[in-house]
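The values are calculated or read from the model by the stated rules, or taken from the named source; none is laboratory data. In this text the structure is predicted, and so the values were computed from the model without any measurement. Glycine gets a Cβ as well: all are built from the backbone with ideal geometry, and neighbour counts include every protein chain shown.
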Amino acid sequence: MSTDWSMLTDKASVVAKWQDHFTTLLSQPLLHPPSAILSEAAASTPDPLIDAFSHMLTQTHIAANKVKADKAPGSSPS
């Protein structure tokens, strides 16, 4: 829809509208985290009993092994 609520029918107008939409959406100013959160993060210490990376690496390895050699994911066009 255009700004006057009329239906956009030609391809150029539709593309221009989407471009305007995403330009507006993605051109927002960056929001920095509050200083309280930054100071808490800087003052914190990681828990040595929690291994955050081994699970991720294991899951990545399992997923990579499920991929067949010389095959792209998804269905092939017929």
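Mind listing just one residue for me: the one in region 26-44 that is among the polar types (S, T, N, Q) and either surrounded by 10 or more Cβ atoms within 10 Å (Cβ to Cβ) or at pLDDT 90 or above (or both) and, of those, nearest to the chain's Cα centre (by Cα)? Among those that are among the polar types (S, T, N, Q) and either surrounded by 10 or more Cβ atoms within 10 Å (Cβ to Cβ) or at pLDDT 90 or above (or both), it is Ser35. Among all positions in region 49-56, there is at least one residue which is out of contact with any strand residue (DSSP E or B) (no Cβ under 6 Å at 6 or more places or on another chain) and at pLDDT 85 or above.
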